[in-house]
Amino acid sequence: MPDRLPPLTALRAFDAAARHMSFARAADELNVTPAALSFQIKSLEDHLGQSLFRRLNRAVELTEAGRLLAPGAAEGFRTLNTAWLQTRRLQDNRTLTVTAGPAFTAKWLAPRFYDFARAHPDIDLRFSAGLRMMDFDRDEIDVAIRFGHGPDPGLFSEPLAFEWLTPVMTPDLAEKYPKPEDLRRAPILSDDSLDFLNPKCDWAAWCRAAGISFVPGHGVQFSQADHAIDAALAGAGVVLGRRALVVKDLHEGRLVAPYGLAITLDAHFRFLCSEGLQERPHIKAFRKWIWSEIEKTAEVSEWLHFVAAKDLPPA
């Protein structure tokens with residue numbers, strides 16, 4: 001039996017047939033005829049010197065040799081495909097694909113991306129909003145912005161500005177509820193997207209930080225942070241606003257934070273990309289732009305008093 005590897009086309013035919021357990025479906029995937037696929041597998045079996053499939057009446061099944069070869073062949077093609085995609089993408093400094101959660105996309109990226117596009121007309125910016133953890137290579141993602149604690153093994157991970165929560169509302173509502181104690185009679189909006197945080201960072205936690213003996217009712221509850229903030233912008237109530245998602249509205253006066261007290265979070269937004277690719281020109285340009293945008297609204301945090309969530313007394 002020769003030690004050299006068989007032809008790649010024969011291994012690919014075997015891999016497709018082993019995944020589908022059907023020569024016909026494998027032939028469709030590879031865009032060849034069933035006869036051509038069968039010929040490739042037979043040549044592979046001849047090269048190996050033993051059968052890889054048992055041919056049944058209307059099906060096939062792997063032999064012991066086939067079961068041994070199938071995982072390695074599948075992993076080999078996955079590795080080869082990943083390496084090929086990475087190599088091809090090295091030539092592309094024009095397209096930048098960014099994934100972020102729906103709220104961050106709507107409240108941070110979307111209102112600002114025109115400035116990046118104007119400053120970098122040679123870069124085609126694409127957004128993919130979603131909370132699913134994506135594979136940078138398989139999904140052809142260049143940059144991810146994610147909120148949480150990490151860690152992010154195998155990735156370049158850079159924390160962005162520290163996060164805080166504070167009650168925010170329209171200027172008109174701030175005139176009606178100028179003191180924290182006035183929240184007892186204010187319409188309350190709840191953002192349930194932060195329920196995963198430990199310790200809890202909710203209305204009860206903020207009231208403990210403010211020394212208020214009551215907790216506002218839940219009022220209207222939202223599963224998405226951007227929906228809760230949109231309701232606050234419409235004057236529907238008061239919401240605990242997360243820094244990254246409300247800082248532009250605070251900076252431009254559409255919302256105000258009249259109580260001056262914020263809870264700081266251990267969780268934060270992180271800038272993520274494949275390790276070693278952070279210095280590629282289009283990724284480096286986007287990263288630099290994000291930090292410049294953060295700096296533009298940094299003064300919003302300067303007049304807040306901060307209490308760490310982890311330092312609050314228990315409920």
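If you take Rg and Dmax of the Cα atoms in Å from the coordinates, which of (i) 22.3, 72; (ii) 27.4, 87; (iii) 21.4, 77 do you get? The calculated read-out lines up with (ii). Fewest-first ordering of Cys207, Cys201 by other beta carbons within 10 Å of each residue's beta carbon gives Cys207, Cys201. Full extension of the chain segment joining Phe306 with Glu75 gains 78.2 nm, where the gain is 0.36 nm per residue of separation less the Cα-Cα distance.
List, in the order given, every pair from Lys179/Lys248; Lys107/Lys284; Lys107/Lys288; Lys248/Lys284; Lys176/Lys248 whose Cα-Cα distance in the structure shown is over 25 Å. Mind showing how you got there, number by number?
Numbers: Lys179/Lys248 23 Å; Lys107/Lys284 22 Å; Lys107/Lys288 19 Å; Lys248/Lys284 23 Å; Lys176/Lys248 23 Å.
Pairs exceeding 25 Å: none.
A simple spin-label model places the labels of Ala117 and Asn198 4.2 nm from each other, with each point 7 Å out along Cα-to-Cβ. Taking other C-beta atoms within 10 angstrom as a stand-in for reagent exposure, Arg184, Arg55 fall in the order Arg55, Arg184, fewest first.
On a straight-distance basis, which aspartates and glutamates could pair with Lys296 in a cross-link, Cα separation under 12 angstrom, same-chain partners fewer than 8 positions away excluded? The qualifying aspartates and glutamates are Glu252. Listed by chain and number, the lysines whose alpha-carbon sits under 21 Å from that of Lys200, ignoring those within fewer than 8 places in the same chain, are Lys310. Cβ-to-Cβ counts within 10 Å put His268, His305 in ascending order as His305, His268, the fewest first. Membrane-span-like helices in the chain, defined purely by DSSP H runs whose alpha carbon atoms cover 15 Å or more axially and whose average Kyte-Doolittle hydropathy reaches 0.0, are 8-20, 34-48. Ordering Asn81, Pro102, Val32 by Cα displacement along the dipole of region 1-111 toward the positive end leaves Pro102 in first place; charges were set at the Cβ atoms of Lys, Arg (+1) and Asp, Glu (-1).
Readers should treat all values here as calculations from the given coordinates under stated rules, not as data from a laboratory. On a predicted model such as this, the values are computed, not experimentally measured, just so you know. With ideal geometry, Cβ positions are generated from the backbone for all residues, glycine too; neighbour counts draw on all protein chains shown.
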